[in-house]
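**Q** Submitted below is the structure of interest, expressed as structure tokens.
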Amino acid sequence: MGVFDTPLPPEHPTALMIHDVQLVGDADGWYAEVRVELEGPGPAAVNGRKVAIFYAGQHIGEGEADDWGFVAIKTHKLPLPSPRDKAIVLEARTLQPRLRARSDEMTVPLAAAPPPPPAPPSRPPEEAAKPMTEGERHLALRAELEANRDNLAGRNLRDLNLNIIKLSRANLQSACLDGTCLRLAQLLKADLSGASLLGADLRSANLTGANLSNADLTGADLTAANLSGANLSGAKLWGANLTGADLTAANLSGADLTGAKRRGAAGRWAAWGGPACRGPSCGGPTCRGPTCRGPT
């Protein structure tokens, strides 16, 4: 992914990056889902800035950055390229200031089931016994986790870099993810009940409808995470950073948010109250009990 930096006044964004591109194709054409980030000295520099996506000089989609500079854009549908395996390169652009970033070369996937991956090149006998490099082990682990998402309960995944991994509906019950980087991870409806996520990096992760009941999120960074509809009942969120997180319709019954930061969190703190509500952050309109602040 390309990044083009330009010296600018402090009220402007300073860099533009393409984080992830997913091409979707069928018999009628293709479109792209693009995740872009604007960097700047603060929210005022990036919030509301328009980012446009171009392909072959054609404007095919645009979106506006949030307070954190993130933009998710779904492009218009385009005809299939000719030849069919023609490389696709997308470009993100801003007008004020003029910043640009280019994606890697990609090809539009076939609508039918993809062919099996090519067999790895054979190694000479003297090389066959060589251990995999750290990079090769990392890629192999990510592929194994995504392929076996239904059977990850109790796995030790401590201190790994799993940013942007796709584990929607994964079974991660009681898994250990302490210190693991899950930034921008796709964890829709994943089962993380009883999991340990001490100090985990979950910034901008998609946890829509996820089950985090009785999970330990002490010190976790959930900045701008999407927790809408998530089950956080009985979860431990001591010192967690929930700044800018979307908690619309989330279940926080019995959750312990002692010292949690929640400035700018969206949505109401659903089902947060009753005798099980604990911690100085407790204080929603339905909060009850001697430790709660606010109306009973």
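Every number here is computed from the coordinates shown, using simple stated rules; none is lab data. Every value quoted in this text rests on a predicted model; they were computed, and no experiment measured them. Heads up, the Cβs are rebuilt from the backbone with ideal geometry, glycines too, and the neighbour counts pull from every protein chain shown.
**Q** Taking amide hydrogens as modeled 1.01 Å from N in the peptide plane, which residues meet the under 5 Å criterion relative to Lys261, leaving out close sequence neighbours?
**A** Ala240, Asn241, Leu242
**Q** Choose one of Leu78, Met132, Val51: the residue whose Cα lies farthest towards the positive end of the charge dipole of the stretch 41-181 (beta-carbon charges +1 Lys, Arg; -1 Asp, Glu; about the Cα centre).
**A** Projecting each Cα onto the dipole axis, the largest value belongs to Leu78.
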